[in-house]
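The values are calculated or read from the model by the stated rules, or taken from the named source; none is laboratory data. This one's a predicted model, so the numbers in the text were calculated from it and none came from an experiment. All Cβ positions, even for glycine, are placed from backbone atoms using ideal geometry, and neighbour counts span all protein chains on display.
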Amino acid sequence: MKTFVGFLVSLVLVIGLASGAFALDILKSKNLSLPRTTLGSLNLSGMSKDKVRGLVRAKVKEFSEANFQIAARGIAKTITLKDIGITLNDAQILEEIPFAGEISNAEMLFWSFAGKRIMPKPIIEETEILRLIDEKFPDIPKAKNAYFEFKNKKLQLVEAKNGVMPNLEPLIYQIQNSVAFLEHSPLLVNFTEAEPTLFIKDLEPYKDPIAKRFSYPFKLVYEKDKWAVDFGKNPQWIVFEKKPYEVKNNELPFVMQWGPVDFSNFLNEKISKSLEQAPESIKIWRDPNGKIIFEGNANEGRAIERDRLLALVNMDLEQMAPADPVQEVEIPLVVVPPKVDISQDLQDLGIRELVAVGHTAFAGSPANRAHNISVGISKFNGLLIPPGAVFSFDDNLGFVDGSTGYRKELVIKPEGTIPEFGGGLCQVSTTLYRAAIYGGFPIVDRTPHTYAVSYYSQIGGHGLDATIYPPTRDMKFKNDTAGNLLIQSYVNGVDAYFKLYGMSDGRKITMEGPYISNRKSAPSEIITVKDPTMKPGEKKQVEKPHGGFDVMWYRYITKNGETKKEDIFTRYQATQAKFLTGDELTPEGENAGIVQPANQEKPKPSTAKPEPIIKKN
């Protein structure tokens, strides 16, 4: 009897395991979310990636824009997450959701039985919370140590004040808990009675060295921009805190810090508008005629890391006698990804997210060159690249002449300096090349310029350019993903962009460089080209001498736990100065980009295998 019962139990277990394995196979083949996957009140079990994406985006949008209350001492105020400085990124949340086709069998089994609760983790800046409390509850007296301020044009000490201090730790826990479960509940601010620890008598002996410390120039810096922080005129910004230990010898009994509320207000009033940018969302869909429409540009935002910046500033303020006469602190920024909303029919083609961005600048270009760049880049907007296809820049550029919208730019050629259509199109091919590089796509064909052109180093530096010259020079890359790629291309002022939308396979791209070596001076010889349209004896320099050098970049592509390293090598030749005499306009030479012989026939799309023809939608 016991043997029979044991047999039945074993049979049930076998059937159960077999059924479970069959169910997991279905999940894996269709790449569905795993059982027992939840986000807040949402049950995301067994859903397609597209359905999960739609539900998550709707839930995050609803939660982020909802009003809720923050209360302190019987006073309630209405706020949103934005007021606390919190922005939720649905793309990051989606990355945490396990899909059966994207993880190992061991992970799939574990999460299927253990369950996976997705809990968003917000970045909370304490400075913003303190600023919000000060703004919403100004009548609640805050404790403060003795401090300095200007009275009657003199630096004077102000006595300490009794009051309260907000308890940030439980408040931050409430915010984290609310965000983790995507459920708003009123935030309660608790205060603790606080007595000051530093008084006028404690600071008076150090008044002169403190006044001298205030006089040191202090600047916040980001790249070439600088903002002066005048503590001398605003001594009340400095908070004095008693050291938590017994001081010895001549050690100061206090530390100086920039008060977090005044710090946050300074950033908001002086710097935030210049440096911080909200991400620009994008909507992509087809109109009734089948044309792909882009509403927005999917631009990344950026935000100041406020708590980190304040910590860096306070580290410098600890030095009563700094070594440098002018103190400068670099402002740290973080990238805020854009939101991407794509119609279901395009998602069905595998176009689901932004996967790569190429960006170059062409400041200082002649008017005709800038015009040609705008015309050329528009030819690629809305193109679809099928999975496995090799994309040819030349095949999709079309014919270049006046009838297709281009203007003439002079180009130095062996037979003389003559006007040609399309000068500047190498800026377009270089921008697309960078999108392919940054997206981790295989580069099939690329030729760098003969010498270093300054336009292509304005963003990112030298060594990542790609010249084109149909039909002999082309730029090609392969779509090695499982879905289509969609190209968005446009010009914004003097900036050119290519953005590729598709289906991420989890690859991560890291670029290292540029490493410059083997520098060579420009030849002393001068090239002179006669121009019959110039007056006799007139002379004009059209190209400065260029030094030669080698550039090395390394591209690291990490996928499925393995990292592949690729070398990107470019050798720029040293070239001499070029002058026109007699008569000539400003040529571009290598800068001109594409040059087509006058008798060239219009190119036809390539039908060679295995490169599919890329057609515009």
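Results for (1) in a strand (DSSP E or B); (2) free of Cβ contacts under 8 Å to residues at least 12 places away in the same chain; (3) farther than 29 Å from residue 280 by Cβ; (4) among the aliphatic types (A, V, I, L, M), shown as yes or no for each residue.
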site: 452; (1), (2), (3), (4): no, no, yes, yes
site: 477; (1), (2), (3), (4): yes, no, no, no
site: 496; (1), (2), (3), (4): yes, no, no, yes
site: 500; (1), (2), (3), (4): yes, no, no, yes
site: 505; (1), (2), (3), (4): no, no, no, no
site: 513; (1), (2), (3), (4): yes, no, no, no
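Annotation for the stretch 529-537: at least one member residue is among the β-branched types (Val, Ile, Thr) and at pLDDT below 85.
The single condition from (1) in a helix (DSSP H, G or I); (2) surrounded by 15 or more Cβ atoms within 10 Å (Cβ to Cβ); (3) of a type in the set (Gly, Ala, Ser) that residue 350 fails is (1).
Scoring residue 135 on the criteria (1) touching a Ser or Thr at 6+ places or on another chain (Cβ under 9 Å); (2) free of Cβ contacts under 8 Å to residues at least 12 places away in the same chain; (3) within 20 Å of residue 264 (Cβ to Cβ); (4) not β-branched (Val, Ile, Thr) leaves a single failure, condition (1). Residues that are farther than 25 Å from residue 353 by Cβ and of a type in the set (Val, Ile, Thr): does the stretch 97-120 have at least one? Within the stretch 97-120, none of the residues are farther than 25 Å from residue 353 by Cβ and of a type in the set (Val, Ile, Thr).
Among the residues of the stretch 139-149, is any outside any loop (DSSP other than H, G, I, E, B), among the acidic types (Asp, Glu), in contact with a helix residue (DSSP H, G or I) (Cβ under 6 Å, 6 or more places away or on another chain) and under 21 Å from residue 255 (Cβ atoms)? Yes - at least one qualifying residue is present in the stretch 139-149.
Among the candidates 261, 229, 247, the residue that is hydrophobic (A, V, I, L, M, F, W, C), loosely packed, with under 12 Cβ neighbours inside 10 Å and more than 25 Å from the chain's Cα centre (by Cα) is uniquely 247. Tell me, yes or no, whether the stretch 28-51 has at least one residue that is among the aliphatic types (A, V, I, L, M), touching a strand residue (DSSP E or B) at 6+ places or on another chain (Cβ under 6 Å), assigned to a helix (DSSP H, G or I) and at pLDDT 85 or above. Within the stretch 28-51 (the criterion being among the aliphatic types (A, V, I, L, M), touching a strand residue (DSSP E or B) at 6+ places or on another chain (Cβ under 6 Å), assigned to a helix (DSSP H, G or I) and at pLDDT 85 or above), the answer is no, since none of the residues qualifies.
Of all residues in the stretch 428-441, those that are within 18 Å of residue 372 (Cα to Cα) have Cβ atoms under 6 Å from Cβ atoms of residues that are outside any helix (DSSP H, G or I) and modelled with pLDDT under 95, 6 or more apart or on another chain, in 429/468. Which residues, taken from the stretch 353-379, are over 23 Å from the mean Cα position of the chain (by Cα), of a type outside the set (S, T, N, Q) and either assigned to a helix (DSSP H, G or I) or closer than 24 Å to residue 300 by Cβ (or both)? Matches in the stretch 353-379: 367, 369, 370, 371, 373, 375, 376.
Among the residues of the stretch 548-585, the one identified as out of contact with any Phe, Trp or Tyr (no Cβ under 8 Å at 6 or more places or on another chain), more than 26 Å from residue 436 (Cβ to Cβ), surrounded by fewer than 19 Cβ atoms within 10 Å (Cβ to Cβ) and touching a residue at least 60 places away in the same chain (Cβ under 8 Å) is 585.
Annotation: residue 421 fulfils all but one of (1) surrounded by fewer than 20 Cβ atoms within 10 Å (Cβ to Cβ); (2) aromatic (Phe, Trp, Tyr); (3) at pLDDT below 85; the unmet one is (1). For the stretch 264-292, a residue qualifies if it is exposed (fewer than 15 other Cβ atoms within 10 Å of the Cβ), more than 23 Å from the chain's Cα centre (by Cα) and among the polar types (S, T, N, Q), and exactly one does: 289. For the stretch 399-419, indicate whether the set of residues that are assigned to a loop (DSSP other than H, G, I, E, B), closer than 27 Å to residue 569 by Cβ and of a type in the set (Lys, Arg) is non-empty. No: zero hits.
For the stretch 429-437, the criterion of a residue being more than 19 Å from the chain's Cα centre (by Cα) and surrounded by fewer than 24 Cβ atoms within 10 Å (Cβ to Cβ) is satisfied by no position. Looking only at residues of the stretch 85-109 that are in a loop (DSSP other than H, G, I, E, B) and under 15 Å from residue 44 (Cα atoms), we find that the one that is nearest to the chain's Cα centre (by Cα) is 96.
Comparison of 128, 95, 107 shows that the only residue that is surrounded by 13 or more Cβ atoms within 10 Å (Cβ to Cβ), free of Cβ contacts under 8 Å to residues at least 12 places away in the same chain and charged (D, E, K, R) is 107. Within the stretch 463-479, the residues that satisfy the criterion of being at pLDDT 95 or above and closer than 22 Å to residue 575 by Cβ are 463, 464, 465, 466. Which of the residues that make up the stretch 135-157 are farther than 28 Å from residue 60 by Cα and crowded, with 16+ Cβ neighbours inside 10 Å? Result: 137, 140, 142, 143, 144, 145, 146, 147, 148, 157.
Of the set (1) modelled with pLDDT of 95 or more; (2) exposed (fewer than 13 other Cβ atoms within 10 Å of the Cβ), all apply to residue 315 but (1). Scanning the stretch 110-125 for residues that are crowded, with 20+ Cβ neighbours inside 10 Å and part of a helix (DSSP H, G or I) returns a single hit, 112. Could you check, for the stretch 114-128, whether at least one of its residues is under 27 Å from residue 242 (Cβ atoms) and in contact with a Leu (Cβ under 8 Å, 6 or more places away or on another chain)? Within the stretch 114-128, one or more residues are under 27 Å from residue 242 (Cβ atoms) and in contact with a Leu (Cβ under 8 Å, 6 or more places away or on another chain).
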